[in-house]
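Visitor: Submitted below is the structure of interest, expressed as structure tokens.
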Amino acid sequence: MNLGYEGRVAVVTGGSSGIGLAAARLLLTEGARVAICGRDAARLDAARAALGGGDRLLAMRCDVLEKAEVAAFAESVAGWGGGVLDLLVNNAGQGRVSTFATTSDEDWRQELELKFFSQVLPIRAFRPLLDKSDAPAIVGVNSLLAVQPERHMVCTSAARAGVQSLLKSLAGEFAPRIRVNSVLLGLVESGQWQRRFEARADKAETREAWFARLAREKGIPLERLGQPEEPARAILFLGSPAASYITGASLEVSGGVSRHI
Ligand code: NDP
């Protein structure tokens, strides 16, 4: 199946690591021009080197929670991409592990801001460019926590549910011009899980054993965590012209770990 990315322009926020980096790599392979952003300049440099891409890649430092930085990123993308954007992947972010008892008011505010404004600010800034495309799409990278909350990630779960509602509303408001879909992730081996592995209590436990135990404890039917390329493939499909009749949908990429029908 031809996804139809040849010559198209895509933005992946948080494209310097994990799932965003994998999505950027696949988009380049499919012939798209790709702009990525992140906060850490060294991580962006490493991603630029790893991706290659030449003038089909733009890597720019931008915190998606800083309105002026997002506006500057959009302006650069407009200049570099010919004033049009075909795909916006809102992927930047991370989860927060805390129960209600261990989540302060300030933690709540930070988490709600991260989850909502990492969608709201890029969508506002890039919408004029998306409006110039003949097949524009937005894909929100969200979590299964949106529909299956976990007590140990209470504020992330609540915020994820709100983001799912936001994306559903936007699919209606932006129709029939811009398609808006989401992926609901289970556990995917990426930067944030690597950091949790490095902070493990038992330093003697190998990486392989740590991830295998995690998959067992979480009861993942496919018996492993996902690799970043696996959600990336789902993101590319939903964002492509090949998914032309799909909007307001969410695609679960979780190794089967959800319990709902
Ligand atoms: P990584 O930590 O590997 O990548 C996160 C990326 O987002 C990095 O490029 C990071 O760069 C960037 N980022 C974080 N905050 C900001 C910000 N404020 N502005 C700009 N860039 C930012 O994690 P994943 O690949 O796992 O995460 C991708 C998305 O998937 C996240 O939204 C995450 O919450 C979500 N997710 C992941 C799951 C998993 O199991 N991996 C499960 C459910 C959801 P930098 O730090 O330099 O800014």
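Visitor: Count of lysine pairs in the chain with Cα atoms under 24 Å apart, counting only pairs 8 or more residues apart in sequence or on different chains? Don't skip to the end; give the middle numbers.
Guide: Details: K67/K115; K67/K132; K67/K168; K115/K168; K115/K218; K132/K168; K203/K218.
Step by step, the pairs that qualify in the chain add up to 7.
Visitor: Using heavy-atom solvent-accessible surface (probe 1.4 Å) with all chains present, what is the largest-first order of K218, K115, K168? Walk me through the numbers before you get to the answer.
Guide: Working: K218 75, K115 10, K168 125 Å².
Per-residue accessible area, sorted high to low, gives K168, K218, K115.
Visitor: Could you work out how far apart the two model spin labels at F117 and H152 are, taking each label as a point 7 Å from the Cα in the direction of the beta carbon, and quote it in nm?
Guide: Result: 2.9 nm between the two label points.
Visitor: Roughly speaking, what is the centre-to-centre gap between region 94-112 and region 113-170 when only Cα atoms are used, to the nearest Å?
Guide: Using only Cα atoms to place each centre, the spacing works out to 18 Å.
Visitor: For region 135-261, what's the relative contact order in percent, using C-alpha pairs closer than 8 Å and at least 6 residues apart?
Guide: 35
Visitor: Here is a follow-up. Direction-averaged shadow area of the convex hull around the Cα atoms of region 27-137, nm²?
Guide: Taking a quarter of the hull surface, the average projection is 8.1 nm².
Visitor: Can you give the helix-only mean residue ellipticity at 222 nm for the chain, where every DSSP H stretch with n ≥ 4 adds -39500 (n - 2.57) and the sum goes over all residues, rounded to the nearest 500 deg cm²/dmol?
Guide: -14500 deg cm²/dmol
Visitor: Roughly how many whole Å is it from the C-alpha centroid of region 220-261 to that of region 1-59?
Guide: The two parts, judged by their Cα centres, are 19 Å apart.
Visitor: With charges only on Cβ, +1 for K and R and -1 for D and E, what is the dipole size of the chain about its Cα centre, in debye, rounded to 20? Show your work: numbers first, answer last.
Guide: Numbers: 31 positive and 29 negative charges, 45 e Å.
The calculation lands at about 220 debye.
Visitor: Something else: Name the residue, out of R96, R179, R213, whose mean-square fluctuation peaks in a Gaussian network model built on the chain with Cα pairs under 10 Å.
Guide: R213
Visitor: Then there is this: What residue among Q119, Q194, Q164 has the largest mean-square fluctuation in a Gaussian network model of the chain, using Cα springs under 10 Å?
Guide: Q194
Visitor: On to the next question. Which length gain, in nm to one decimal place, applies between T29 and K67 when the Cα-Cα distance is subtracted from 0.36 nm times their residue separation?
Guide: 10.6 nm
Visitor: Which whole-number value in Å² is the accessible area per residue of the chain, probe 1.4 Å?
Guide: Spelled out: the 1.4 Å probe surface of the chain, per residue, equals 48 Å².
Visitor: Which FRET efficiency, nearest 0.05, do A42 and Y245 yield, Cβ-Cβ r, R0 35 Å? Spell out each step's value before the answer.
Guide: On the way: r = 42 Å, r/R0 = 1.19.
Once rounded, the FRET efficiency stands at 0.25.
Visitor: Let me know the whole percent of all Cα-Cα pairs from region 127-261 that are separated by more than 20 Å.
Guide: 53
Visitor: Translational diffusion coefficient of the chain at 10 °C, 1.306 mPa s, Stokes-Einstein with Kirkwood Rh over Cα pairs, in µm²/s as a whole number.
Guide: Values: Rh = 18.6 Å.
So the translational diffusion coefficient is about 85 µm²/s.
Visitor: With the contact rule set at Cα under 8 Å and sequence spacing of 6 or more, what percent relative contact order holds for the chain?
Guide: Averaging sequence separation for qualifying contacts and normalising by length gives 21 percent for the chain.
Visitor: Which one of L21, L214, L238 has the biggest mean-square fluctuation once the chain is modelled by GNM with Cα springs under 10 Å?
Guide: L214
The values are calculated or read from the model by the stated rules, or taken from the named source; none is laboratory data. Note that the structure is predicted; figures quoted are calculated from it, not measured. Note: ideal-geometry Cβ built from the backbone for every residue, glycine included; neighbour counts use all protein chains shown. Accessible surface areas use protein heavy atoms only, side chains included; no ligands, DNA or RNA. Shrake-Rupley method; radii C 1.70, N 1.55, O 1.52, S 1.80 Å.
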